[in-house]
Structure formats: C-alpha cells, structure tokens
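K.L.:
Have a look at this one before I ask anything.
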C-alpha cells in the first residue's frame, strides 16, 4: 500500500491539514521544528505525492516536455541533462521526445504533451518552430535552447558567440599572432554570421585590417576543415595561427598542416570551438572554447520556470558564456585544461 498524507500526519503527530501545508509549500505559517519533523517523517516513510490527484486540483501536472530535433546529437544530451537537473530541483518530471527534424512530428509531439496536461515545453536545438501556435492556443509556456533567432522576441537560451570569439582572438593576439586565419561554418547558420562578424571586429580592435583571403568556409565536418586549410595555405602561406569554427574542422585543418610539412603549434597555432570529445583525445590536444551546453539547458529550464510562475513577462534571449580551455595546439605555456567559469546571468559554474 502506498504511504498517504494521513499516514505522515499520524506518524508526525499533527493534522492532515498541517502536513498538506508543509508538503505543498503553502504560505500558511508552520513552526520550523514542526515543518522539519513532517519532512523527516515523510522521507522516512517514503511518502510520494499523488501527482495525478494534485493535477486534478491545481490543473498542473508537475511535468515538462522536452522536444529535440535529435536526442543523440553531439550537444543534445548535455543540454537535456542541464534542463532535467534544474527542473528536478523544482519538483518537475521531464518527458523527452525526438522530432527527428520533422515539423509534422513536432506538431504531433506538442499535441500529445498538451493532451497529457503538460505544464510547459522546452524546444532543444530546433530549427523550426511552426507548431508553437498550438501552445499559444493552449496557454502553455515554452522556451527554446540553442536556437538563435535573427529577430528578438523569443524566450531562448543561446551561446554568447561574440564573447567566445573574443576569448579566442584575444588569446591568439596575446601570443603575438597577426596573420590569423579563420574557417567559418556554413553560411545558412546564424552562428556563422555572428562568429565571422566578431572575428572582423576583434581584428579591427587590434588595429589589423580584415583580409578576406584569410577566411575559408567549411561545413562543420573534419574533411571540410582539411580542404579549407589547404585553400588558405595556397593563398596565405604566411599565416601563423588558425581559428576554426568547431573542433572537427580544427582537427581537419591540423591534418592538412601536417601533410604540408608544418608543425602545430610551432609553425601554426590552432584553436577550435565546442570542446567536443575529440579536442581532448586529438594530438596535439586542441585548445578550444567551450559551447556551454549544460549551462544553456539550465538557463532555459530556469526561464521556463519563470514563465510558468508568471515572472517572465517580456521575451528575451539569455546569452550563456563559455570559456577558453588552453591545451597543446596553441603553443601557450601551461597548456592543460584548467578550471574555467561558465557564466549565465548572475550565476557562475566551474568546469574542467
């Protein structure tokens, strides 16, 4: 038999109403000693609230949906872990659905979640958001994570792209590099435009002219990094450093440099982006700037909590800052992945 609120009340020697106020976190005053005794008793008895019954009383299910384009993507698992950890702290259960890049599957997922009285939805890395009108009609709050919009007005937790490029460029400039090549991502990505603009701004701030011949475009893949590096070497053989838009392209670029008889970092310093697993196992180990996936997930979860509690009245983007992990490929002293801080809002979290 499941433990009931009546069982907790009898074991703690208080009324059912008092137990209800404590377990439901009501504002009604309850003495600190009594509150602690009730909580300890409930824990000792293994009491679990009847979520279904509470949902009927409050029209809240304490359940949040997470809809991802691909739950086994390179960043999705860390993002969803951040979402889940924050929502669990607030007493919410997460239901995760993969839409597989299909708008129709996304709509169906929303209908299924709404029919189960979901309290809110987090869209993780979704390129499309054609179905959110269903949530507006149902008056269900929703937020996005790792989804950048060209225009403001959406609740979204995203990486601070400009800050990430600033970290990389300041590091390379500080190592006295002045011919810094850049391999960007595909043009259709909003992040690619932001990173390229930031690369130009950092050069100009250092008094260096932007040279289009120092920029190549890849497709995020390792092979494209190799081909892009070959193109850069063909027109700019005197470059001394390279910033690649992700770690896979950085690895491909290093292979191309090595095949050209150049040493990394002695001849060309290389820095990547994302802190993928390859950055720690590749040789030389990649200096890279982190994509703060877990922290973006937490920020999105907090944003949704605020929306569900009526605290977030104006849609806004939360930009989450990653950090630079200095390893072997840039040639800096002390190239070990030391602790760094990942920041969003006023919160700071240490990571390795």
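K.L.:
When you scan the stretch 98-113, how many residues do you find that are surrounded by fewer than 22 Cβ atoms within 10 Å (Cβ to Cβ) and under 17 Å from residue 147 (Cα atoms)?
P.N.:
5
K.L.:
In the stretch 252-271, what residues are touching a residue at least 40 places away in the same chain (Cβ under 8 Å) and touching a helix residue (DSSP H, G or I) at 6+ places or on another chain (Cβ under 9 Å)?
P.N.:
Selection gives 253, 254, 264, 265, 269, 270, 271.
K.L.:
When residues of the stretch 92-107 are filtered for being part of a helix (DSSP H, G or I) and either modelled with pLDDT of 90 or more or at positive phi (or both), how many remain?
P.N.:
Looking only at that region, the number is 0.
K.L.:
Residue 301 - would you say it is within 30 Å of residue 89 (Cβ to Cβ), touching a helix residue (DSSP H, G or I) at 6+ places or on another chain (Cβ under 8 Å), in the same structural domain as residue 125 (by TED's automatic domain parsing) and modelled with pLDDT under 95?
P.N.:
Spelling it out, it is not the case that residue 301 is within 30 Å of residue 89 (Cβ to Cβ), touching a helix residue (DSSP H, G or I) at 6+ places or on another chain (Cβ under 8 Å), in the same structural domain as residue 125 (by TED's automatic domain parsing) and modelled with pLDDT under 95.
K.L.:
Return only the number of the condition from (1) assigned by TED's automatic domain parsing to the domain that holds residue 79; (2) modelled with pLDDT of 95 or more that residue 198 does not satisfy.
P.N.:
(1)
K.L.:
Can you tell me how many residues in the stretch 136-150 are touching a helix residue (DSSP H, G or I) at 6+ places or on another chain (Cβ under 7 Å), modelled with pLDDT under 85 and farther than 15 Å from residue 308 by Cα?
P.N.:
Qualifying residue count, the stretch 136-150: 2.
K.L.:
Can you name every residue in the stretch 76-89 that is in contact with a strand residue (DSSP E or B) (Cβ under 9 Å, 6 or more places away or on another chain) and surrounded by fewer than 20 Cβ atoms within 10 Å (Cβ to Cβ)?
P.N.:
If the condition is that a residue be in contact with a strand residue (DSSP E or B) (Cβ under 9 Å, 6 or more places away or on another chain) and surrounded by fewer than 20 Cβ atoms within 10 Å (Cβ to Cβ), then 88 is the only one that fits.
K.L.:
Look at residue 280 and say whether it is in contact with a helix residue (DSSP H, G or I) (Cβ under 9 Å, 6 or more places away or on another chain) and either assigned to a helix (DSSP H, G or I) or surrounded by fewer than 17 Cβ atoms within 10 Å (Cβ to Cβ) (or both).
P.N.:
no
The values are calculated or read from the model by the stated rules, or taken from the named source; none is laboratory data. Every value quoted in this text rests on a predicted model; they were computed, and no experiment measured them. Using ideal geometry, Cβ is built from the backbone for each residue, glycine included, and neighbour counts are taken over all protein chains shown.
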